[in-house]
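*Asks:* Here it is, the structure in full.
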Amino acid sequence: MEYQDYYKTLGISRDASADEIKKAYRRLARRYHPDVSEEPDAETQFKGISEAYEVLKDPEKRKLYDQLGDNWQTGGDSTPPPGGYRSGARGTSGFAGGGEFGDFSEFFESIFGRGAAGGVNDPFGRFHDRGYGPERSGWDRHKHAQGSDVSAELEVDLEDAYRGTTKTVSFTTTGQAQSSRRELRVKIPAGVTDGQKIRLKGQGEACPVGGANGDLLIRILIKSHRHFQLAGKDIYLTLPIAPWEAASGATIAVPTLGGRVEMNIPAQSQSRKRLRLKGRGMPAKTPGDQYVDLMIVNPPVNSEQERAAFKSLEETFDFDPRATLRSR
């Protein structure tokens, strides 16, 4: 049995990065996938590619594999690999230099530790489970692999984010070098916040080696509202009030996303005074609050009687709104 150079199998250099290893594997897996490949030795090639990727993608397995040397071959005239393995009868190390292995995976099992197929000490266990080991014939899908995730964005109105709704999201997936546009109906939970992501399992890219699909990750973008501003779970509202409401106090019906709520305006309130409606923000296990910023608005003056009313106020009050500025 000859030493198998996993780097040559994947067509990469020995100092290849994890990303380069993954790209090489995906490219070759698409080429030799037994379901689509017309190569006469596709199944054999695919098993070798999968075995190489299984070891090189794992830093610990790769490190141990690299210690074997580049051109070492087993057999009677072999040069021992680094690490102290000796030819002879199988001992506690699990290595028999004079024996033969039915598959190169067997040799690695002797190093990584042979156990039940798929066990924690068997780096090729999932290949044995799926028909890649010498014990089984034929080819099964590599069910442990998974396709890539796909990202999409979805805009929703603030009212819909508050109540929850169902929307249609559009996104693009690629497969077999082709792109396709897809649409899905998505349930938006009540209380979703701006930038929150919703994951739809199995709606992403198809796996090139027959495993599970990736996921669809939807980023929620909440549209601006003409009256309300959203900050996390809290809602902010600027509330216009009349001068006499601010001066004498009043009870006002204040709009919230859940409907109007009666709120008391304290007497002698000023513009920019902030009041809080507890629990009237976005729904959650601990709901947000709604903050109300007061803004005093004067009525229009369209008649002599209205102008006289304001003149009467001027004569009634000894009031200088700019007194603090004059004192500087």
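Read-outs throughout are calculated quantities, based only on the coordinates presented, and are distinct from any laboratory measurement. Quick caveat: nothing in here was measured; it's all calculated off a predicted structure. Positions of Cβ are generated from backbone atoms using ideal geometry, with glycine treated the same way; all protein chains shown enter the neighbour counts.
*Asks:* Quick one: compute the contact order of region 228-316, relative version, from alpha carbon pairs under 8 angstrom and 6+ residues apart, as a percent.
*Replies:* 31
*Asks:* According to the square roots a ≥ b ≥ c of the eigenvalues of the Cα gyration tensor, what is the shape class of region 150-222, taking rounded for a/c under 1.5, prolate for a/b larger than b/c otherwise, and oblate for the remainder? Don't skip to the answer; put the middle values down first.
*Replies:* Details: a/c = 2.97, a/b = 2.35, b/c = 1.26.
Prolate, because a/c is 1.5 or more and a/b exceeds b/c.
*Asks:* Cα centroids of region 143-222 and region 282-315: how far apart, whole angstrom?
*Replies:* After rounding, the separation between the Cα centres reads 45 Å.
*Asks:* Starting from region 237-328, pick out the chymotrypsin sites (Phe, Trp or Tyr not before Pro) whose DSSP state is loop and whose Cβ has at most 14 other Cβ atoms within 10 Å.
*Replies:* Filter output for region 237-328: PHE317, PHE319.
*Asks:* Of LEU64, LEU230, how do they rank once you tally other Cβ atoms within 10 Å and put the fewest first?
*Replies:* Lowest count first: LEU64, LEU230.
*Asks:* I need the GluC sites (Glu not before Pro) found in region 14-70, filtered to DSSP loop residues with at most 15 other beta carbons within 10 Å of theirs. Present the calculation step by step, with values, prior to reporting the outcome.
*Replies:* On the way: sites: GLU20, GLU38, GLU43, GLU51, GLU54, GLU60; in loops: GLU38.
Here the GluC sites (Glu not before Pro) that fit, given the DSSP loop and packing criteria, are GLU38.
*Asks:* Give me the three principal axis extents of region 228-316 from the C-alpha atoms, as integers in angstrom, largest value leading.
*Replies:* Taking the Cα atoms of region 228-316, the three principal extents are 55, 23, 19 Å.
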